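Since the structure comes first, as structure tokens, the remarks are kept for the end.
We did not get these values from a lab; they are worked out from the coordinates using the rules stated. None of the values given here were measured: they were computed from a predicted structure. With ideal geometry, Cβ positions are generated from the backbone for all residues, glycine too; neighbour counts draw on all protein chains shown.
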Amino acid sequence: MNSSTNMRLRLPLLCIILEVILIILFGALVEYNDDTHAKMWNANKSHSATRDDYENEFYYRYPSFQDVHVMIFVGFGFLMTFLQRYGFSSVGFNFLIAAFSLQWATLMQGFVHGMHHGKIHVGVTSMINADFCTGSVLISFGAVLGKTSPVQLLVMAIFEVTLFAVNEFILLSMLGANDAGGSMTIHTFGAYFGLMVTRVLYRPNLDKSKHRNSSVYHSDLFAMIGTIYLWMFWPSFNSAITNYGDPQHRTALNTYYSLAACTLATFAFSALVNPEGKLDMVHIQNAALAGGVAVGTAGEMMLTPFGSMIVGFLAGTISVLGYKYLTPVLESKLKIQDTCGIHNLHGMPGVLGAVVGAVTSALASPGVYGHGLQRVFADAETGKWNPQSRGGFQAISLAVTLGMALFGGLVTGFILKLPIYGAPPDTHCFEDGLYWEVPGEEEGHELNEVATPNEMEKLNS
Amino acid sequence: MNSSTNMRLRLPLLCIILEVILIILFGALVEYNDDTHAKMWNANKSHSATRDDYENEFYYRYPSFQDVHVMIFVGFGFLMTFLQRYGFSSVGFNFLIAAFSLQWATLMQGFVHGMHHGKIHVGVTSMINADFCTGSVLISFGAVLGKTSPVQLLVMAIFEVTLFAVNEFILLSMLGANDAGGSMTIHTFGAYFGLMVTRVLYRPNLDKSKHRNSSVYHSDLFAMIGTIYLWMFWPSFNSAITNYGDPQHRTALNTYYSLAACTLATFAFSALVNPEGKLDMVHIQNAALAGGVAVGTAGEMMLTPFGSMIVGFLAGTISVLGYKYLTPVLESKLKIQDTCGIHNLHGMPGVLGAVVGAVTSALASPGVYGHGLQRVFADAETGKWNPQSRGGFQAISLAVTLGMALFGGLVTGFILKLPIYGAPPDTHCFEDGLYWEVPGEEEGHELNEVATPNEMEKLNS
Amino acid sequence: MNSSTNMRLRLPLLCIILEVILIILFGALVEYNDDTHAKMWNANKSHSATRDDYENEFYYRYPSFQDVHVMIFVGFGFLMTFLQRYGFSSVGFNFLIAAFSLQWATLMQGFVHGMHHGKIHVGVTSMINADFCTGSVLISFGAVLGKTSPVQLLVMAIFEVTLFAVNEFILLSMLGANDAGGSMTIHTFGAYFGLMVTRVLYRPNLDKSKHRNSSVYHSDLFAMIGTIYLWMFWPSFNSAITNYGDPQHRTALNTYYSLAACTLATFAFSALVNPEGKLDMVHIQNAALAGGVAVGTAGEMMLTPFGSMIVGFLAGTISVLGYKYLTPVLESKLKIQDTCGIHNLHGMPGVLGAVVGAVTSALASPGVYGHGLQRVFADAETGKWNPQSRGGFQAISLAVTLGMALFGGLVTGFILKLPIYGAPPDTHCFEDGLYWEVPGEEEGHELNEVATPNEMEKLNS
């Protein structure tokens, strides 16, 4: 064993170089948008100043942004603390790569989605979009959790954010697809990208760390903090960048019902697939969230609560069955070691969400949407509206996303395979001690020593 | 010991049947309301479209909804994790029955509160109301925590949600009562319903599980996550469905002061009732919240910060004294085994809140409220306004609630006593292992093995 | 050893007396402001009633308030749970002194900032300001954590809140300083006040409790809950009381970028200063937040994302270096025992924030701000505007704050040194057992007993 995992120079150098590059690019390219610039605040003279202020997009997007922010940092971060001795890395590396990714995403998304006289405009909407892109990276992180160094993760984020922005541009701007909650752009992309990376990084001797690749009682409770926050705020996630008014309201409502139905399916199938009828924390922590993924595309459409609940129920079902029957096969046959089971939480439910979105788009009609049609489907305004072709474009978007994710993951995987990033040895995967100062054991007897009534009696007498 | 607690068929069957029924009923009966329907968005031509969008109820209710949602899933869920080996069940069953109840409540509340041409209309207000109803079920869950199977809990939720909706209809629609924060409809109802259920389910030999019916150090910290979230967001809870503008603002303010005063009372009396002057986590986790319960009815009225603080101080005091002196008596004399002490947190403070609401109503006058009188007391508009009669109706509402809760709890308790639900044996109450796959012990020595400087030195050399 | 730490009478007496005084003063002095008073709701006849309601300050401030509230109670509370056996006290005493301070701050800030016909007006803005003042007390708490009784902490809060209000009045009202996010009023003041208190309370024999003055694995994870919530909601903190519209929006945006850059600096320098290149949880938990502190003054100005990122990067760097190199020196040379290292998280970054604010003010011009100049710098309206003098006043404000904090901490420290408050002995610092009923040890073997497949098989057969 050698010092190959020592981060003393590698991590600081990479972090500092990246941040300096970010700062320089931000200095050259980024400026406040009209809603955040002091000079623009009263440019629009058609309203009184006060009216303008109250209609600042801040008040209509920022609460959603904060919910999304909680999902990214607490939700993803704590969901991955289920591993018994990888809690520092789960929440810590999640923190690091998210903080980097949201800055890099601001630039990449700004580049491809159109600059304003050579400048990238930022405000609460760009903050939400950057957090969304970050979510995609964190999904991929779930596949390689415990088997990668922080340097590898940052390098992965550089490439994944870039490709995410390109894929998003193709889908939203070139194909005119709808995907407000990111079933395709975020979940399908992040999942298949990550699965391909972990396939390339396949470790035949990972069973040497098998005893650490599991949870303990309290680590499962920490993970539930992540699960519950993701579950509660998913309505905000899916609705965060929809159009104002009824589309945003409807998206939140649909997601709420999908998640509720998904939760019942998860508990049902978790008990059903267990020989003793016992519930499995892995399913509850993950599959109960699949309902949010699966309405990420159709949530803003007239899916109805009825439709949302059917989709959610299906998503929970396939997710639990995936954890039980598919994940072992993926590992043994396809050599895909998926630590968090992202294929079950983001992969299959993401594809389901894309299909549901395509079908719901194909069924859209003025009879159902009225004048709201243009607000949900932007190209309905152009007169070229045709529900069937819209459904087709949605399906093409899914195919493009899968292609981009698999290709991107393949290339990135090979880059990450270079032996220069300090990846953990097979014997020390899923172990905080490699990259963190880990405190000693709890001195339980001493805690008790003072806590027992006898001891305290002496102390107080 | 036999397989009576095996959930393999019972839980999946019940979950799937319930969800299928829910989906069918939602398909037949539920539709988007005007603020969530694509077709309605610009129906009101008196405003410009933009104006309409900014005034969508989503923007004025959704942040409150999310705070309430956090209270239901994180607040209630983690508050109950104080038990040393019942954390999975506390947060997990809380999750399950809440996800079911909010769907069932949408239907039940829709039925009784008035349908629109045979349809139940949904939007953010129905989401808040469904979460409120769910809160009531979770309060009852606190009384039977550790002694019931998930199947029993779902059956309890079916009945409790239904009766909640009926009671709420009688109070709010027939008696014209005020109860925005639910001192009566949520807390008093949930508490006395749950206490009656646990009375009927009395276990004379529960002391066989006594060693598990207590906390450990870290489980108390997990419970504090629940406590603090409930405490922080209670202002949002009480104000979530009040009228727009000053009533909502005032309710949040009153609740904030009531809780602050309650917290000082809780710490004071917790130390005072302990022989060694030590604080008890049970009190801090629960009694500090009683101030939110106790202003659930009067919070929207002109209670003043002064009045709110007096009410909060009283609530904290009676709650601590209840835990110390009343709970043991309830168990030994009345055979009421109240795991979380909901009588002290929701029962007595709920009744106090109802009384405070009746008195504050009886003292209301145009001199204090001005034109705001009609906005707080809906029937003030009808000309039949009479503060004394209003106070009387509030008092009648409390009596009706107590009657409904005790009767409903009695019937439900006997239904839950049937030996078909897989209830835990007396020897295995408060034990996750019955219904959950529980991971093995933490391998503390190995964690240390890698973490010690010596070990790592070897690894890195 | 005697009963000197017994809280049975001291704590209840102090809590009850304080709360009674608070209630009396609130009864005499506090009333609803125009946005919370039922009578005022439609006083302004120039708008329709509905318009008024939608423009209630509640809807533009309350979501920010709730984020701030989470930072105060969850953020500060859990951040300090890193100590292995001081979790109850960290989150519990944080809860107690915050609940007291926010009431006391409402009065003190109301007094000095101007009463309305002898009355203090309250609403969501006063709630935010009271929470801000509370934050300052909690910062000082971090310096003395583990070494003070709850009675001492309440006494400290009485004095610190009072001086905070005076200092805030001098800065904001007399010197016309800008400090929306409180780099000076909250962080610098709270830090140097607390450092002076802990200097006066210096314990030469504190090493007797050294074995408890450190973390264990799970306590570090609990602390990360605090860290992440503080990090996520800091944009809401800095923007909570800025002017409506673009200033609020811009402040949140600047803070978001500053924190992201700060996080990369923190990870970089944490690994760099460790001989083995390992990350230190103390740095991640604390230094990653310094970016929020350091843009507390300039965040509302046209700092630009570029400027914010530079400030954040610097703040993270000096904070990590402070933990590594300065804290040991402060203890050994200056006898300042700073449990949480508040000098590194709030002290130095607060001073940096003040300097950045002074420089950014001095560079402000109509060319950059347009008509927005008056909205950011209130005195620009008076015609006496002069950027250089403004920068000078900002610098004077920092000096005043440092003076007030050091003087106030000195006096308060000596008051807290009186031997009447039940301070812990040197041998029992950092120990919950002194002031709390602490539960016994976890019975790990029994948990396992039921959880092992063999056991459960027997149970189920």
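Things to note:
- Label geometry 7 Å along the beta-carbon vector: residue A:379 inter-copy distances in nm: 5.9, 5.9
- For segment C:12-34 versus segment C:243-289, the inter-centroid distance based on Cα atoms is 39 Å.
- Averaging 1/r over every pair of different alpha carbons in segment A:364-433 and inverting the result gives a Kirkwood radius of 16.4 Å.
- The order of B:363, B:201, going from fewest to most other C-beta atoms within 10 Å of their C-beta, is B:363, B:201.
- As a rough footprinting exposure proxy, the listed residues A:166, C:293 were ranked by other beta carbons within 10 Å of their own, and the order from fewest upward is A:166, C:293.
- For residue B:279, the amide hydrogen comes within under 5 Å of the amide hydrogens of C:436, C:437, counting only partners 5 or more places away or on other chains and with H modelled in the peptide plane.
- Axis-nearest residue of C (beta carbon) for the C-onto-B rotation, whole Å: C:63, 3
- Inter-chain shielding of B:125-135 (mean C-beta neighbours from other protein chains, 10 Å cut-off): 1
- Total lysine pairs under 24 Å (Cα atoms) in chain B, excluding pairs fewer than 8 apart on one chain: 21
- Within the protein assembly as shown: Cβ-based charge dipole about Cα centre, in debye rounded to nearest 20 (Lys, Arg +1; Asp, Glu -1): 580 debye
- Global form of the protein assembly as shown, assessed from the alpha-carbon gyration tensor, a/c cut-off 1.5: rounded
- Positive-end residue, segment C:302-440 charge dipole about Cα centroid, Cβ charges, pick of C:365, C:345, C:416: C:365
- Extension gain from residue A:174 to residue A:386, taking 0.36 nm per residue of separation minus the Cα-Cα distance: 74.7 nm
- Nearest-0.05 FRET efficiency for residue A:418 and residue A:329, computed from C-beta distance (R0 30 Å): 0.50
- Likely footprinting exposure, C:427, A:297, C:251, fewest C-beta neighbours within 10 Å first: C:427, C:251, A:297
- DSSP H segments from chain B that extend 27 Å or more along their own axis, Cα-based, with Kyte-Doolittle mean of -1.0 or above: B:10-29, B:87-112, B:124-144, B:150-169, B:217-239, B:246-272, B:387-416
- Taken along the Cα-to-beta-carbon direction at a fixed 7 Å, the label points for residue A:21 and residue C:119 span 6.1 nm.
- Copy-to-copy label separations for residue C:440, where each label sits 7 Å from Cα toward Cβ, in nm and ascending: 2.6, 2.6
- Peptide C:300-311 - average C-beta neighbours from other chains (10 Å radius): 5
- The protein assembly as shown - mean residue ellipticity at 222 nm from DSSP helices (-39,500 (n - 2.57) per run, n ≥ 4, rounded to 500): -19500 deg cm²/dmol
- Between residue B:34 and residue C:205, the modelled label-to-label distance comes to 7.6 nm, taking each label 7 Å out from Cα in the direction of the beta carbon.
- Residue A:34 label point (Cα plus 7 Å toward Cβ) to equivalent points in the other copies: 3.0, 3.0 nm, shortest first.
- Cβ neighbours within 10 Å from other chains - mean over B:277-289: 5
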